[in-house]
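Here is the structure we will look at.
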Amino acid sequence: MANLTITGLDFTTIRTNLRNFLSTKSDFADFDFDDSAIGTLLDLLAYNTYYNAFYANMAANEAFLDTAQLYESVASRAKALGYTPESASGATANIAVTFTSAVANATFRTITVAKNTEFISTINGVSYTFVTPKSYVISSNSSNRFFGYINIVEGTPLTHRFAFTTANTSFVLPNDNTDVESIAVTVTTSGNTVTYTQATDLTSANSSSKYFFVEADRETRYKVGFGDGVLGFKPALNSTVEVSYRVCSGTRPNGANSFSAVNTIGGETLFSLRTVSRAAGGTAIESIESIRFNAPRLYETQNRAVTADDYKRIILRDNPDLEAISVWGGEDNDPPIYGKVYVAAKPLLGTLLSTNRKNAIKSAIRKYNVQSIDVEMTDPAYLYVLPYVEVRYVPEETTRTAAEIAAAVAARIVTFESTKLGKFDSKFRLSKFLSHLDDADDSITGSRAIIDLQKTINPSTTSKNDYTINFNTYLLQLGVGDQAVTAGSDSNLFGYLTSSSFTKDGFTAFLDDDGFGTVRIYYNKTANSFERIYIDRAAGTIDYETGTVKLTKFMPDSVSGDALYLTARPVSQNINSIRNQIILIAGSRVAVLNDSTGTVLATVSDISTVGATALITEAPGLTSF
């Protein structure tokens with residue numbers, strides 16, 4: 001007796017298996033299985049089998065987080081892990097409000113700015129609505145005037161009312177881009193209205209807890225529900241539930257920095273507005289791939305922050321507007337500070353978080369601490385790599401000119417920075433950098449580079465401060481390599497530390513080092529002379545092994561440009577980022593040489609890398625970790 005082969009799930013294989021099975025039966029020995037009526041029946045059987053196999057396969061895939069393709073399936077699998085997909089969130093800005101005509105008197109001492117007071121901002125011709133997320137009370141100052149700071153969040157406020165019945169105990173919010181953080185719920189029973197809070201920690205929930213729960217539903221919508229009388233209070237039947245929330249525009253309003261009020265503010269018509277921090281933090285709803293990645297990892301943390309990875313996962317989960325974060329314990333700090341955890345964050349837009357944003361993250365993460373650990377938010381410390389690149393090429397092997405070759409190499413520098421650097425765990429590897437540049441054109445025979453490192457500070461010109469600047473790598477010093485000198489043999493020897501110009505004691509001054517650990521201040525004897533006259537031979541120290549430069553009681557009269565640049569040359573041309581350090585490329589220079597003659601045919605500088613266009617300076621007295 002012939003067996004039916006069941007291998008293969010495509011239509012052709014299924015039909016062939018059915019045909020081969022029937023052909024072994026004596027009753028069908030002379031049948032034409034392709035053109036006769038039985039061929040049509042075979043097609044029908046094969047299609048039916050194929051459909052069943054397809055739907056069975058899809059159903060099985062949707063039952064697992066790793067293979068599910070539908071949003072509701074992924075959200076449902078994530079719910080089993082205690083994970084709620086992140087909703088879209090509105091961009092937040094901080095503005096200063098000055099009431100230009102209001103004057104306080106004996107009874108008029110405060111102005112209340114109501115919740116959902118509306119403001120408008122326009123980006124690329126599109127208007128966005130911003131509202132106050134809560135009410136603000138602005139008190140009069142010493143001159144009996146009113147001035148204060150308020151946060152405004154992008155989104156349109158909406159309110160829905162539902163009847164809580166046996167058949168209707170949860171409510172799907174019928175709008176896309178719901179900002180879950182904005183959801184507010186009140187329940188009215190027999191004229192008595194009670195405000196419920198969103199459940200975030202079930203360990204504190206009991207039968208009397210006035211909590212509401214939010215979970216993802218179909219089609220990227222969210223559903224609001226209540227407790228069952230054991231885990232959270234269950235509202236009485238026929239109560240009226242009022243749900244207020246905002247529908248936002250995701251990432252589009254980020255960067256808004258000009259706002260105008262729609263109507264009055266606190267009942268006042270005369271006021272002026274000033275933007276303190278532009279809109280940031282607007283995010284889109286979490287993608288399927290992000291849910292697939294984050295849900296099991298958040299489950300590992302068990303909703304508590306103990307290890308550095310716990311902090312990292314929770315902060316990234318709750319703040320999707322962050323591009324990258326670095327977290328390290330105080331025991332790994334330099335110097336060690338126990339009882340603290342340090343967090344550095346890089347936003348998707350820009351390079352630094354505002355003070356308000358850092359305080360909000362710091363406040364939110366505290367509730368996950370299981371011990372008395374203080375969270376310290378710190379800014380990223382940007383380290384700039386300055387490459388001088390020489391590229392050799394054969395002109396006869398390309399239709400490009402030398403200038404076009406230089407432009408192509410410059411473009412490769414930009415892409416290297418954007419794909420390989422700019423994150424806390426990024427590394428600069430010279431061999432990979434040069435290999436990336438060599439691919440700019442087939443006529444390039446090879447390249448070489450010398451790199452320097454640069455840090456920036458914005459020193460005070462009114463008070464003396466100590467500065468610690470960490471390059472975090474072994475720095476080149478005088479006496480290393482072919483030179484053979486000893487300390488004190490020539491007081492005017494100098495090493496590889498340099499700086500941009502600043503004014504000191506009426507001179508255009510610079511910093512250098514003596515090659516043995518001392519940082520000095522000098523000026524050139526004449527404009528066209530390289531002879532150095534030293535103003536201060538003990539302005540600070542440099543530790544070549546750790547890459548630490550310390551300036552002592554440093555106060556220039558003025559600084560040229562937007563910052564003071566300190567440049568040093570590393571021993572190794574492979575640079576690692578440490579803790580809150582982010583590596584970028586700035587000050588690139590490219591020279592294109594004829595491979596046969598060695599003649600420089602083209603040069604390019606001022607390459608528009610992120611490091612060259614978004615310079616970040618460090619504050620006076622700030623230590624770069």
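When the residues of segment 101-111 are narrowed to those that are touching a residue at least 60 places away in the same chain (Cβ under 8 Å) and surrounded by 12 or more Cβ atoms within 10 Å (Cβ to Cβ), which ends up nearest to residue 132 (Cα to Cα)?
Looking only at segment 101-111, we keep the residues that are touching a residue at least 60 places away in the same chain (Cβ under 8 Å), and these are 101-102, 111.
Now restrict to residues that are surrounded by 12 or more Cβ atoms within 10 Å (Cβ to Cβ): 102, 111.
Values: 102: 21, 111: 14 Å.
Out of the qualifying residues, it is 111.
Only one of (1) assigned to a strand (DSSP E or B); (2) assigned by TED's automatic domain parsing to the domain that holds residue 163; (3) exposed (fewer than 15 other Cβ atoms within 10 Å of the Cβ) fails for residue 228. Which number is that?
(1)
Can you confirm whether segment 87-94 contains a residue that is out of contact with any helix residue (DSSP H, G or I) (no Cβ under 9 Å at 6 or more places or on another chain) and loosely packed, with under 12 Cβ neighbours inside 10 Å?
no
Please specify each residue of segment 373-432 satisfying the condition of being assigned to a loop (DSSP other than H, G, I, E, B), touching a residue at least 24 places away in the same chain (Cβ under 8 Å) and among the hydroxyl-bearing types (Ser, Thr, Tyr). Steps first, please.
From segment 373-432, those assigned to a loop (DSSP other than H, G, I, E, B) are 373, 379-380, 394, 398-401, 421-426; that's our starting set.
Now drop any that are not touching a residue at least 24 places away in the same chain (Cβ under 8 Å), which leaves 373, 379-380, 394, 398, 400-401, 421-426.
Scanning segment 373-432 gives 398, 401, 426.
Considering segment 429-457 alone, what residues qualify as being surrounded by fewer than 17 Cβ atoms within 10 Å (Cβ to Cβ) and closer than 29 Å to residue 559 by Cβ?
Passing the criteria: only 450.
Do we have residue 124 as within 25 Å of the chain's Cα centre (by Cα) and either not β-branched (Val, Ile, Thr) or not assigned by TED's automatic domain parsing to the domain that holds residue 235 (or both) here? Show your work before the answer.
Working: within 25 Å of the chain's Cα centre (by Cα): yes; either not β-branched (Val, Ile, Thr) or not assigned by TED's automatic domain parsing to the domain that holds residue 235 (or both): yes.
The answer is yes for residue 124.
In this structure, does residue 410 turn out to be more than 18 Å from residue 544 (Cα to Cα), among the small types (Gly, Ala, Ser), at pLDDT 90 or above and more than 31 Å from the chain's Cα centre (by Cα)? Steps first, answer last, please.
Values: more than 18 Å from residue 544 (Cα to Cα): yes; among the small types (Gly, Ala, Ser): yes; at pLDDT 90 or above: yes; more than 31 Å from the chain's Cα centre (by Cα): no.
In short, no.
Is it true that residue 518 is over 30 Å from residue 613 (Cβ atoms) and surrounded by 15 or more Cβ atoms within 10 Å (Cβ to Cβ)?
Working: over 30 Å from residue 613 (Cβ atoms): yes; surrounded by 15 or more Cβ atoms within 10 Å (Cβ to Cβ): yes.
Yes: the conditions hold for residue 518.
Could you tell me whether segment 340-350 includes any residue that is modelled with pLDDT under 80 and more than 27 Å from residue 221 (Cα to Cα)?
Yes, the conditions are met somewhere in segment 340-350.
The values are calculated or read from the model by the stated rules, or taken from the named source; none is laboratory data. Quick caveat, the model's predicted, so the values are computed rather than measured. Positions of Cβ are backbone-derived with ideal geometry, glycine not excepted, and every protein chain shown enters the neighbour counts.
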